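Read-outs throughout are calculated quantities, based only on the coordinates presented, and are distinct from any laboratory measurement. Everything numeric in this text was worked out from a predicted model, so none of it was measured. Don't worry about glycine lacking a Cβ; one is built from the backbone with ideal geometry, like all the others, and counts go over all protein chains shown.
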Amino acid sequence: MAGVVQGTRTRTDLGPLPPPEPELGTGPQLGTGAGSGLGADVERQRARLLAVHAHLAREREAALSPAIERALETAQMYLFLALGYVGHTDALFPDELQGAPTASPSTDPTEAEGVEP
Amino acid sequence: MAGALANAVDQRFWNRATQTADRERLDALHLARIRHLVGWAYDHSPLHRRIYDAAGVKPADIRTWDDYHHRLPFTDKPDYVRDQESSESGFGGLALGPEHWQQYFHTTGTTGRFLHEAFSQFEMHKAGTQLCYGLWSQGARPRDSIYFCFDFGMWVGLWTYYWGARNLGLTIVSGGGSTGEQRVRHILERRPAIVCGTPTYLLHLAEIAEREGLDLRRAGVRILAGGGEAGLSVPRIRARLTEAWGAERIHDAYGIGEALFIGQSCDVWAGGVHAIEDVCHSYSVDPASGEPVTEAGGVGEHVVTSYTHLVQPFIKYRTHDLVRIDDRPDHGCGWTWKHFPGVVLGRSDFMVTIRGVNVYPTAVENLISEVPGLTHHYELHLSRRDGMDRMLVRAEAAAGVGALADLAARLSAHLRDNLGVRLETEIVHAGTLPRYELKTRRIFDAREPGARAATTRERR
């Protein structure tokens, strides 16, 4: 959950925005799955939606008030519905995309016995 | 929405990409989501970790469908009830704490115990989308209006319809806190495109309108939508509703409190509902062995994994609903999602075997509606005498029908001819049986718990 609790992350200093995330597909929070298999146009839309999600997350970090932070959090929820429609499976709810580890130790395939590499 | 509305290619489907995807692609998405969800639950829900540890299973073991079917344990309502009773929070199977909750609900308690449920804000949004697939298919569009015929309470089903309306962009008209007669008048005044209620209550409003000399057909309602009972998939009740309301469409939704409205009818009526595969995985199992049902047309117990409910994950969860699943439907709607003809055929924990014949309550309900002179109001009373299951069908005569004994004989003959067994029948006068605003109680099981079908597997 990366400490994302509603209404508790408002930025109080007015410093510059955090640096942008790496280009799409290179950062773990942008999704590392093998794709939805639903077609190239769907996959392109999924990539664009992930980029928007990352932009919103950065803007949320820089929110000037609880009102803005909460509005952006809500926007991310709606955006995540769209990610579900395009077969996004790397995360099942919005906060999973924000700084959470991409795979917990328990889901590491090497942990299971007898799993072929 | 404007982009999709302006682009004609998407007009028929709420989400064409997945609604028309082939079975293999859908199954690949399901497996990816299930694996992710199992890991989430193992890491965050003590209940799931206990269940999986007790079975000697780690999330990374679940790599194939065979792993899912045969290695991952089932979960069942008693698991959650025991957990909620032993936890300080009073909730079972929690993976996220109260700081994430937006709303509290509980199940309807039809099986005797309330299951407490907590949903995050995202989950309520997501739950609302589940209704959009079906309502869109029936022709509902943003700026259409929807009238809700009920008071909002603790049952999540009504709320998800509300969130569905919000997600679809409908104008909401609340009929909360009103009498039936007031609701009829509201509907005639506000002329909503959609009226939402249980089938029993929608029929009840039609009776009130008739009694008051009001013509509901003048309200211009296009779509009647609801769920919670079998009626909206019973042909005679659909016909009666269409006639009384002048509606063009009847929309049925099937759900369970734990995973919400996961089944929706499409625009081509084929006698049932589709699983909403964007939000859950559905399959059926033999209630006794737990083995997947593989034969075409086979009846099995519905097992669900929800992708909507993450505060309390429900993974490989036994619903105890008996269903037939057509996993490659082809009735012309274009949806590739699994179809449940007849929706819920019965309950694995209300299963009745009379002289060797499995009798499904839904089949009895359909047959009652085919007997002229009866209303849609009825009750099924299950009992056991001398080691034998018995079913008494108590049905209500239409207004003005006086020869109740003759009607009982006709109903008995109709049931025997179609089911192959004789059931007891009793006809009561018009207006005798209770009317309910929410889920109608129709099945009364007086058998001792030990005498019922033992398909709820208690975990030691």
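Listed values, structure above:
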| item | result |
| --- | --- |
| For A:81-92, mean number of other protein chain Cβ atoms within 10 Å | 6 |
| Shape call, region B:247-288: gyration tensor on alpha carbons, a/c limit 1.5 | prolate |
| About the Cα centre, charge dipole magnitude for region B:142-274 (Lys/Arg +1, Asp/Glu -1 at Cβ), debye | 300 |
| Under 12 Å from B:LYS58, Cα to Cα: aspartates and glutamates that are on another chain or at least 8 residues apart | A:ASP108, A:GLU111, A:GLU113, B:ASP43, B:ASP67 |
| Peptide-level mean, for B:54-60, of C-beta atoms on other protein chains within 10 Å | 4 |
| Number of partner chain Cβ atoms within 10 Å, mean per residue of B:28-39 | 4 |
| Length gained when the stretch B:ALA399-B:ASP326 is fully extended (0.36 nm per residue, less Cα-Cα span) | 22.3 nm |
| Loop sites in region B:275-377: GluC sites (Glu not before Pro), DSSP, at most 16 other Cβ within 10 Å | B:GLU295, B:GLU370 |
| Point-to-point label distance, B:ALA288-B:ASP406, nm (Cα→Cβ direction, 7 Å offset) | 4.5 |
| Solitary cysteines of chain B, where the nearest other Cys Cβ is not under 4.7 Å | B:CYS132, B:CYS149, B:CYS196, B:CYS280 |
| GluC sites (Glu not before Pro) lying in DSSP loop within region B:79-187, provided at most 11 other Cβ fall within 10 Å | B:GLU88 |
| Cα gyration tensor, region B:286-351 - rounded (a/c under 1.5), prolate or oblate | oblate |
| Difference of contour (0.36 nm per residue) and Cα-Cα distance, B:GLU85 to B:ARG355 | 93.2 nm |
| Full-stretch length increase - B:ASP386, B:ALA296 - with 0.36 nm per residue and alpha-carbon distance subtracted | 28.8 nm |
| Shape call, region B:105-195: gyration tensor on alpha carbons, a/c limit 1.5 | oblate |
| Chain B: Cα Rg divided by the 2.2 N^0.38 Å rule of thumb | 0.98 |
